[in-house]
Structure formats: structure tokens, C-alpha cells
Amino acid sequence: MTLAIAGRGAVWLEGTPADPAIPLWVWLAALGAAAIGVGLVVSYFAWRDAQLHTPLERAFRRTARRLRLRRAERIAVHRLGVEAGVAPVSLLVSRAAFEAARSAHGNARSLERAESRLFDEPVR
Amino acid sequence: MPSTSERILSLRRLAPSLREPALVETLCAAGEEERPFLADELALLLRQRLRPGSPLAIAPALDVCPREQRRCLVLSILPALPGALREAARAAVPSETSAALSLTSAALGCAHESPAFSEALARAGVGPALDEALDCLARGFDEHRSEEALEAVIATCSAAGPRVRAWLEGDDEPGHMALRAAARTASRRAPISSAIVWLAHPALAGVARRALAGGAAANDRFDALRSAHLLRSPARRRALGLLGSDHLQTLCPIDACEQPDDARLNVMTSALSLRLSDKHLSGLSSASLQDPSAPVRLRAVLALERAQTARMTDEIASDFSFDSDERVARLAAGVLADARTVSRRLHNGASLSALSRSPHASVRRIARVSAPSSNAWGTDVPCPIAARLELDSDPEGFTLELRSRLASPDDVPQTVALLTLADRLGLAGAIEDELLRLIGSAQREVASKCAPLLGRLESEASGAALVAALGADDDRVRANALEAIAVRRPHLADCAAYADDANPRVRANAIRSLVARDPGGSEPKEALGAMLRDRRPHHRRSAIWIAGRTRSLGSRTDVAELAASDPEPEVRTRAESCARALDAWRRLSWTRPRDTRLEAA
């Protein structure tokens, strides 16, 4: 691709893209519009998340993701928290809370894995 | 295995708005070992980012926090605490009420534990907010029905703010019945340790009385008396006075010798404040004779001073006056020396004589000054007891000596003392010549002292001397002469002529005699009213004295006006006191047959 300057002062990229009739500012505008669109979509989902979930729920999801719990483990821990009447995020942080809840309400295998991941492996 | 702190640190990547609830919920669910770390993390977050709603949000965590961390948390939320407390108390929503209670109890608990923390709370202006919150919670009891609110009020009633105090002292507060129920529950839980504190509040006084009078164990009673110093408060004494003497005696048992020093001291301190029988007070003092603690013995002597059983008091005081502790011995010697009657002073004479060899200088001084002298004329100021004894044994000789001393007076105080002695011994008639001479003395103290003595006589010469004294230059002599005439010989002069005298005392004596002579008359009433409204403060003060002495219920309005608006503080104080006395007299007169003369006055 080579840069060519036309007689009327316009800048053209020779070779690709195929259609040299689209000016650069249009590309830049399209890029900006795409960024804004992505931002809007992200904001919408963040807003929707905030509307649909409580701060505790969001804290649980983010912490669980950060602690690299798998989907099944995350669901199991969340269910355990709901059944035990404890905020699920507490089960991710407090070993005592996790053990108390598990001894009373849960013995699923995914919980075993989650416990092992949460309390027996170094936090990354 | 990752440590607790590492897991907690994993929450730091969350936004603060998510971290706060996550930490609070985790703190509530965590084990004992994890809570300090979580609380520290929460305190750190609150210091970095404190929202107005943070105090209420973290309130559930305060209930489960260890003591140190709870203090840190309260300090972290201190700037937002007053606003949050007010908002929560006003909201009257159960969750916010509960949060306000948690915050209140945490703040009060921390303040109770640490004076420095208490100062920090005061600096942050939390005190009024706490007061307001508790007040709102107490007044809104019917809406939230939270007994914890009333328990918080009970727990803090000793240091209640103005609003809670007003609620406690209110007459018809809807929450008082529930308050009493909560207090009864609290008194069953922690027997009667706060009962004396509660006595100051009418809403709780009944529960406190029942707790103190009930069949509490002896140890619980001694525990309650730890606040015995609070019984000096008139309100508490009044409240406790409604208990029968049997209960009061049970509260201050004589057989407390086996108890520790503090308990014995508290018993004696209580005994000084309660209305115990003289016999019980003497018994308490007697039982404390051998007490190893000097403060207990000191209070025992004070209790003895209050007991009126004279002979028994003197016996025990005599024992205490030889105490090894100087304060105890001095106080006991003072009790012996203060005996009023001749028989008691003669009885105490031997003890006081023996006390002249006391190892304590102050006791020896009291003994030297107070021991009855064998010779009435041995000292500059005659001893009344020795004088009475000498008068009994040799009336003529005593009178001659008295007259000779008055004939050639050495100095003014001695002459006044001799005249006072003659007055006490009823010898005015025997020294009439000296009185007639001395009333013209240039010494105003001597001349004024002669006037009341001459007033006791009925001779013409004495009457003439009194009338002449009405024209004396000195106001004090004139006032005493007018008083003597008004009280005993009113026919000698027209008191009404002095009702406008420039001297307040002379004028007061004149008006007083007018009121006494004709209580319902218009002239005395007008004269007293004019004096009460006089522009001179001394005259108004004397008029208040007349109103009080003659119990002039008709002048109650004028006196009350003076109490409310007189520019002179002293006049206002006296007027307030007089108005109270008149009110008391009016109430008293309701229980008596109607006295039309007083009502008219």
C-alpha cells in the first residue's frame, strides 16, 4: 500500500482498501461511533446489572469471578448462601461462614471443589 | 492455604459501594477469629469513603464486632453519626429503628469504656443527637414497640440528656408503662444495681423502690449501695423516703461488720442520707466503734450527730472522741461540745475535761474552749453553765457581781456578753438601773442590746427610756426600741407614725406591729404593699421579711412579682423563698380550720 496525493489535495491510500472513495474522517467517525456504541452497550448492561441485582449479588459475582470459581461452583455456593440465609459473598471470604453453612445445608461435590479452591489454594 | 487477610484483600478490587455491604454481611456471618480483620478492613474503607448512610449500613456489624474494632468503627463514622442517628430515629421504620439502637448502644458503650472516646463524641456533637434519637425512640414506642429502645433509655438514664430527661419526668407518657416493665425485667436480670440511679426519675422510682424493698439478697443490697453517694440528691431521698422505716433499716443493716470496707462505707453513707430512726442511727454508730476504716468511723460520728437520742449520743460520741484518727476524734468532740442543754453539757463536762489530754491538738482546743468552767467569771466571756450553777447557789452574790461588772464595763463585746447572759438567765429586772444607764451609751451595740431587755420590764422608768430611745441617733437602737415596744408594750408609742421611716428596719418593725395588731385591716395592708413596692431595695427586702414573718397571704401576689422581676438578685432570692413559704402556709391552712383573719390579711 502506498500513499498518493491527488491533484486537488485529497489523500488516497493506494492498493487496499478496495474502495478509495471513502475518506479517512469517515473511518475515524465510524470508529468513534463504534466505540460509543460499545460504551453504550456496556453501560446498558452495567445499568441492567445494577437494576437486576443487589450490591451483594454483584459483589458475589465479581469476587467469585476473581477467585476463578467455575460456573457450577458459583451456582452451588450461591445456592448454599441462599439456603443458609447468609450473603453468598460472605461464603467466599469467611471460612467459618462457609463451613457453618455447608455443615447445615450442603454436601454437593461442586461445593467440595469450591471449598478447596477458595480455602486450600493460594489466591491469585 | 490462603490466610484470612488474603481472602479479605480480594474484596479490595470491588467498588466501594459493593465493598461496604459485602464487608458488613461477611462480618455478621464470620467467625470470632475473622471478625477483627474484617472490622479493620471496614474501618479502613469508611475512613477513605464515608457516605451519609454509612452509619446505618454498618449498624448490624457493630453488634457483633469485638470491642476494640467497634470503637474504631464508631470513630470512623463519627462525622456522619449525628445526622444518621437523627434520621433513623425520626424515620420510625423498624429496620432503621433497630439500626439507630445499635448505633446508640455502640456509641454509649464505647463512651462508657473510654473517657477519651467520650470526649471525641462530645467534640463531634454526637451527644445531642444521641439524646434526640433516644427521645424519638422513646416517644415513638407505640409505633415501633422495640423494647431495646427502652432498655437503652434505662441504661443511660443516669446521664440522660435534656430531652430524654424531660420524657422520663413527664406525667402521662404512653411509653412509661412499658418502660417500667422493661425496668422490672432488667432488675430481675441484674438485680438492683441501678435502683438508686433510677430513684431520681419519677417514671422509674416505683420500680426502684420495689427492687430495693423486695426480698433481695444481702449481697445484692450491698451492690445497690455502691451508688449510695447519689442518695444525697433530694429527689432520690424523697423517693426512697416513701419506703417504710423497716425497709430502710434493712437497706442499712447494723450487722454489716463482716462486709468489705467499701460496703461498710456505703452503708454508713446511705444512713446519712436516709430518714432512719434515731435508735437505728445510734445502733449503726455504736456498731462502727471498732471499725478498722477511719472513713466509716467518721460517717458513724456524722450519723450520731443526726440522732437525737441525747444521752445515748453523748455516750457513743465520748467513745469516738478518743479515736486514733484526728478527724473522727475532732468531730466527736464537736458533738460533745455542741450539747445545748445544761444537763447534757454537765454530763459531757467530764469527757471534755479528759479530752484536754488528747494527743490531737485540734481536739484539745475544742475541749479547752468548750469544757464548762467552774468559775463563771474566770474568763472574759462568762460561761453560761457555770453562771447558772453559780446563780443557783448564790443568787445575790451573782447579781451583785453582774451589776458591778456592768457598772464598770471593760469593753463592748464583754458588756454585750454580760447583757446576753442576763437576758438568758432572766435577770433584766435585777439590772434595771444599769440598763437605764447603758441605753443612753454612746456604744450602739450596747445601747441596742439594752432595748429588748428593757422591753421585758414593766416599770415606768423603763418605758420612758424606751420611748426616749425612739429618738436616738442610731437606727439600730431606734429599731430595737420600737421592736421592744411593739412586741411587749404597744401602748407606749404609736407605731403607725414610724410606718414611713427612712430606716428599713424601723419601718419594718412598725409595719409588722401594725399587721400583728390588725391582720385584716386596710392600713397595715396598704403600708406593707407600699413597702413591697418601695424603690429602695433594702426596704423591699425588709417588707419581704414582714410578709414571711406575719404570713400575710394577701401580699403573696406582690411577693411573687418581686420574685419574678425585681432587679436586685438578693431581693429576688428572698422573695422566691418567701413566696414558697406563703404557698406552703396556704396549703397547710387548708388542712386546718379556716382562719378568716389570715385570709383577710
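By the Stokes-Einstein formula, at 1.002 mPa s and 20 °C, segment B:1-189 with its Kirkwood radius over alpha-carbon pairs has D equal to 125 µm²/s.
Taking a ≥ b ≥ c as the square roots of the Cα gyration tensor eigenvalues, segment B:498-601 comes out oblate, since a/c reaches at least 1.5 and a/b does not exceed b/c. Annotation: average projected area of segment B:79-168 is 5.0 square nanometres, based on the convex hull of Cα atoms across all directions.
By a 1.4 Å probe calculation restricted to protein chains, B:Thr97 has an accessible surface near 0 Å², given to the nearest 10. A crude spin-label estimate for the pair B:Arg365 and B:Arg237, with each label 7 Å from Cα along the Cβ direction, gives 2.9 nm.
Ranking B:Ser293, B:Leu14, B:Leu427 by Cα position along the charge dipole of chain B, where only Lys, Arg, Asp and Glu carry charges on their C-beta atoms, puts B:Leu14 farthest toward the positive end. Per residue, the convex hull spanned by the Cα atoms of chain B measures out at 234 cubic angstrom.
First compute the accessible area of chain B with a 1.4 Å probe, then give the percent of it belonging to carbon and sulfur atoms.
Heavy-atom surface of chain B belonging to carbon and sulfur, 1.4 Å probe: 50 percent.
The value of relative contact order for segment B:498-601, using C-alpha pairs under 8 Å at least six residues apart, is 27 percent. With Cα atoms defining each centre, segment B:460-533 and segment B:318-344 are spaced 44 Å apart in the structure. If I model the protein assembly as shown as equal point scatterers sitting on the Cα atoms and use the Debye formula, what is log10 I(q)/I(0) at q = 0.08, 0.09, 0.11 Å⁻¹? Log10 I(q)/I(0), no solvent term: -0.95, -1.07, -1.26. Entry note, the protein assembly as shown: the mean residue ellipticity at 222 nm calculated from DSSP H runs of n ≥ 4, each adding -39500 (n - 2.57), is -21000 deg cm²/dmol after division by the residues and rounding to the nearest 500.
Counts of other chain beta carbons within 10 angstrom of each beta carbon in peptide B:29-35 average 6.
Placing one equal scatterer on every Cα of segment B:1-92 and applying the Debye formula, the log10 ratio I(q)/I(0) at q = 0.15, 0.23 Å⁻¹ is -0.53, -1.17. For chain B, the longest principal axis of the C-alpha atoms and the axis of helix B:556-565 are separated by about 60°. Using bins of 10 Å that start at zero, the share of Cα-Cα pairs per bin across segment B:87-235 amounts to 11, 39, 36, 13, 1, in whole %.
Taking label points 7 Å from Cα along the Cα-to-Cβ direction, B:Ser393 and B:Arg145 give a separation of 8.7 nm. Inter-label distance, B:Glu568 to B:Ala116: 5.4 nm, where each label sits 7 Å from its Cα along the C-beta direction. Computed from Cα atoms, the angle from the helix B:35-48 axis to the main principal axis of chain B rounds to 80 degrees. For B:Lys525, the accessible surface of its heavy atoms amounts to roughly 110 Å² (probe 1.4 Å, protein chains only, rounded to the nearest 10).
Chain B packed on chain A takes about 1800 Å² of accessible surface away from a 1.4 Å probe, both sides summed. Computed with a 1.4 Å probe over protein heavy atoms only, the accessible area of B:Ser102 comes to about 10 Å². Summary value for chain B: 4 percent relative contact order, contacts being C-alpha pairs under 8 angstrom separated by 6+ residues.
A:Ala76 sits among other residues whose Cβ lies under 11 Å from its own Cβ, and their net charge, with Lys and Arg +1 and Asp and Glu -1, is +3. Considering only Cα atoms, the convex hull volume of segment B:482-526 works out to 60 Å³ per residue. Using 0.36 nm per residue and subtracting the Cα-Cα separation, the extra length available between B:Arg580 and B:His491 on full extension is 28.6 nm. Taking the alpha carbon gyration tensor of segment B:396-493, multiplying each eigenvalue by 5 and rooting it gives semi-axes of 21, 15, 10 Å, largest first.
The distance from the alpha carbon centre of segment B:72-92 to that of segment B:216-254 is 38 Å, rounded to a whole number. Considering only A:Val93, A:Gly81, A:Pro55, the residue lying farthest towards the positive end of the dipole of segment A:55-120 is A:Pro55, judged by Cα position with unit charges set on Cβ. Given 10 °C and 1.306 mPa s, how large is the Stokes-Einstein diffusion coefficient of segment A:55-120 in µm²/s, with Rh as the Kirkwood radius over Cα pairs? In µm²/s, the coefficient is 142. Between the listed residues B:Ser565, B:Leu482, B:Ser459, the Cα displaced farthest toward the positive end of the dipole of segment B:453-569, a dipole computed from Cβ unit charges relative to the Cα centre, is found at B:Ser565. Solvent-accessible surface of segment B:498-601, averaged per residue with a 1.4 angstrom probe and all protein chains in place: 56 square angstrom.
Peptides A:69-79, B:115-125 ordered by packing proxy, namely the average of other Cβ atoms within 10 Å per residue, highest first: A:69-79, B:115-125. Note on the protein assembly as shown: with charges restricted to the Cβ of Lys and Arg (+1) and Asp and Glu (-1), its dipole about the Cα centre is near 2040 debye.
The values are calculated or read from the model by the stated rules, or taken from the named source; none is laboratory data. A quick note: this is a predicted structure, and the numbers were derived from the prediction, not measured. Here the Cβ is made from the backbone with ideal geometry for all residues, glycine too, and neighbour counts use every protein chain on show. Ligands, DNA and RNA are excluded from the accessible area calculation, which covers all protein heavy atoms including side chains. Shrake-Rupley method; radii C 1.70, N 1.55, O 1.52, S 1.80 Å.
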